[in-house]
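J.: Dumping the structure here so I can ask a few things about it.
The values are calculated or read from the model by the stated rules, or taken from the named source; none is laboratory data. All values derive from a computational prediction rather than experimental measurement. Neighbour counts run over all protein chains shown; Cβ positions are idealised from the backbone, glycine included.
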Protein chains: 2
Amino acid sequence: MALLSVLTPVLAVVLCLVLGFMLVKSRETKTSSTSERKTEVASKAKDFKPWVDQDLQDDTETTAREDEDGDWVDNCEEDRQHVPYSPPSYPEEMMLQRSEEFYTLLNQRRSVRFISPKPVPREVIDNVIRTAGTAPSGAHTEPWTFVVVSDPEMKHKIRQVVEEEEEVNYRQRMGDKWVNDLAKFKTNWIKDYLDVAPYLVLIFKQTYGILPNGKKRTHYYNEISVSISCGILLAALQNVGLVTVTSTPLNCGPQLRVLLKRPVNEKLLMLLPVGYPAADATVPDLKRKPLDDIMVRI
Amino acid sequence: MALLSVLTPVLAVVLCLVLGFMLVKSRETKTSSTSERKTEVASKAKDFKPWVDQDLQDDTETTAREDEDGDWVDNCEEDRQHVPYSPPSYPEEMMLQRSEEFYTLLNQRRSVRFISPKPVPREVIDNVIRTAGTAPSGAHTEPWTFVVVSDPEMKHKIRQVVEEEEEVNYRQRMGDKWVNDLAKFKTNWIKDYLDVAPYLVLIFKQTYGILPNGKKRTHYYNEISVSISCGILLAALQNVGLVTVTSTPLNCGPQLRVLLKRPVNEKLLMLLPVGYPAADATVPDLKRKPLDDIMVRI
């Protein structure tokens, strides 16, 4: 009994230490399992489809930003020679006239969802894509791939992928706020024009390139570069009397990439149905901001 | 003594509990202070300058992506009426000719760093900016502001900000790899053209808008929209015989925003010096990818 009463404090201390250790351990496990679970849930919410690969992690711009240069250096070899540059020049009056005419032309551009099935000469599409390819790009990487689909079966498959995803988006993923916004816009997930338009142009951004030695080459500013290229494409289409609607299919990128057999470094940025406007095409009666609302002179 | 030997286990238990509690607490504090410190370091690395506000957190695209619609709905009111749309149309031969001419024009575009100080008519710049403003945008938000600087003093201040940051970038922030890349490109941080060019066009993206009730309105796809607008701007400049170089000044956005008195919802996307090419302008002798390297037909 005396021995016991001497040992009791020792036992108590040991017991307490064991309990304390277990408490600390359990808290650690709890913390890490909570954060693991969070990560899991987050990645599940993102990657809930078997075909989803890293395509959904679409933010190379974000991570690359630290390494980027401000200037879009156009030459890509040290010993690239410089050559004299003298582009066309015009007298002031003609400049003014040209600037007015180009504005008038581009100001007629509208996003058109009613596209005619009438065939469009393929050479015109070739030239329009060639023109898009004249855009500047970070370090002259030219990080764009234009997939031009005219095959009716493939167009239909693309439509199926897009409509299926859009319906899921509308019904499940969007918050009430967004669904209300959409109701306002009278948009729904039926995209006739994906079957009807003679061409679908799917614009992929190449997030990185592969060097001859097999290593990856970061494509700085690839999304901005490809978007600029898309702006030039829109101008080129308007210039020949063709119409399109700029769309960025939500969550379809990975499926469409696989469907079109594009490599993993390419990510879908935009999908443009291209053709003549339908005879009965309409557009919402909207206005553009006046110059003073978009321009500040200093 | 008997009392003491009875109390000892109790005291030991209390002592152990106190110790255990302190251990747990200290671990919690440690964990949170570590993560706080990490956040602090990370944000310090990003926000190491007093004028830096949320401008550097430039990734509205990333966070907005979950809420976005694929279609760039152009109408912005429920009861927006539709009107017939019939843009100019051309016979096939003329389409082909127009597409070739436009390609030839745009294919002459190059990024030019040698810009003439010769004055450019202001009306031409106005029309070029008007043209850029015809770009499509997510939900017709038109999320762009073009700040056109011709004031020599302001141009010089901009140059100082850009050169100072560029020098820091080159000297301190860039890894060896990037500095080597740049050596190849023969780029440095001296940007004469920021003083010399008659106009500097600073393109800001509006990451959100302010509704009449004071609430924020997300601008979906604002960076892509503004980049498309920039593509149209480049085409408009080329069309009148002016040159520019597409630059995205690294880390200067917040300073330039403050300098130009732009609101916090605007973030600098691009800085374009605009003018005639200098008489002795040169460009690196580079080629563009052939059509088959950028286009896939299906």
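J.: Suppose we keep only residues that are at the interface with chain A (Cβ under 8 Å from one of its Cβ atoms) and among the β-branched types (Val, Ile, Thr) within region B:268-290. Which one would you say is surrounded by the fewest Cβ atoms within 10 Å (Cβ to Cβ)?
T.: Checking each candidate, the answer is B:282.
J.: Right, here's the next one. With the requirement that a residue be of a type in the set (A, V, I, L, M, F, W, C), surrounded by fewer than 23 Cβ atoms within 10 Å (Cβ to Cβ), modelled with pLDDT of 95 or more and outside any helix (DSSP H, G or I), what does region B:186-202 give you?
T.: Start the filter on region B:186-202 by keeping residues that are of a type in the set (A, V, I, L, M, F, W, C), which leaves B:189-190, B:194, B:196-197, B:200-202.
Applying the additional criterion that residues be surrounded by fewer than 23 Cβ atoms within 10 Å (Cβ to Cβ) yields B:189-190, B:196.
Remaining after also requiring modelled with pLDDT of 95 or more: B:196.
Those that are of a type in the set (A, V, I, L, M, F, W, C), surrounded by fewer than 23 Cβ atoms within 10 Å (Cβ to Cβ), modelled with pLDDT of 95 or more and outside any helix (DSSP H, G or I): none in region B:186-202.
J.: Please specify each residue of region B:153-163 satisfying the condition of being within 12 Å of residue B:197 (Cα to Cα) and away from chain A (no Cβ under 11 Å).
T.: Matches in region B:153-163: B:156, B:159.
J.: For region A:146-164, how many residues are farther than 12 Å from residue A:255 by Cα and not polar (S, T, N, Q)? Talk me through it step by step, then tell me what you get.
T.: Residues of region A:146-164 that are farther than 12 Å from residue A:255 by Cα, as a first pass: A:146-156, A:163.
Retained after the next criterion (residues that are not polar (S, T, N, Q)): A:146-149, A:151-156, A:163.
Here the count works out to 11.
J.: All but one of (1) under 24 Å from residue B:192 (Cβ atoms); (2) of a type in the set (A, V, I, L, M, F, W, C); (3) at the interface with chain A (Cβ under 7 Å from one of its Cβ atoms) hold for residue B:294; state the number of the condition that does not hold.
T.: (1)
J.: Would you tally the residues in region A:198-215 being within 12 Å of chain B (Cβ to nearest Cβ) and either in contact (Cβ under 8 Å) with a residue 24 or more places away in the chain or within 22 Å of residue B:245 (Cβ to Cβ) (or both)?
T.: Count: 9.
J.: Please tell me if residue A:214 is farther than 19 Å from residue B:220 by Cα, at pLDDT 95 or above and surrounded by fewer than 24 Cβ atoms within 10 Å (Cβ to Cβ).
T.: Working: farther than 19 Å from residue B:220 by Cα: yes; at pLDDT 95 or above: no; surrounded by fewer than 24 Cβ atoms within 10 Å (Cβ to Cβ): yes.
Judged against the criteria, residue A:214 is not a match.
J.: Among the listed residues B:214, B:231, B:253, B:241, which satisfies the condition of being in contact with a Pro (Cβ under 7 Å, 6 or more places away or on another chain) and not aromatic (Phe, Trp, Tyr)? Walk me through it before giving the result.
T.: Details: B:214 fails: in contact with a Pro (Cβ under 7 Å, 6 or more places away or on another chain); B:231 fails: in contact with a Pro (Cβ under 7 Å, 6 or more places away or on another chain); B:253 fails: in contact with a Pro (Cβ under 7 Å, 6 or more places away or on another chain).
Just a single option satisfies the conditions, and that option is B:241.
J.: A further question on this structure: How many residues are within 19 Å of residue A:261 (Cβ to Cβ) and crowded, with 23+ Cβ neighbours inside 10 Å if we restrict to region A:150-170?
T.: Residues flagged as within 19 Å of residue A:261 (Cβ to Cβ) and crowded, with 23+ Cβ neighbours inside 10 Å within region A:150-170 amount to 2.
J.: Something else: For region A:118-143, how many residues meet the condition of being among the small types (Gly, Ala, Ser), outside any loop (DSSP other than H, G, I, E, B) and closer than 18 Å to residue A:234 by Cβ?
T.: Residues of region A:118-143 among the small types (Gly, Ala, Ser): A:132-133, A:135, A:137-139.
Narrowing the set further to residues that are outside any loop (DSSP other than H, G, I, E, B) leaves A:132, A:138-139.
Still in the list and also closer than 18 Å to residue A:234 by Cβ: A:132.
Matching residues across region A:118-143 total 1.
J.: Moving on. Please specify each residue of region A:93-108 satisfying the condition of being among the acidic types (Asp, Glu) and facing chain B (nearest Cβ under 7 Å).
T.: First pass over region A:93-108, keeping only residues among the acidic types (Asp, Glu): A:93, A:100-101.
Answer for region A:93-108, where residues must be among the acidic types (Asp, Glu) and facing chain B (nearest Cβ under 7 Å): just A:100.
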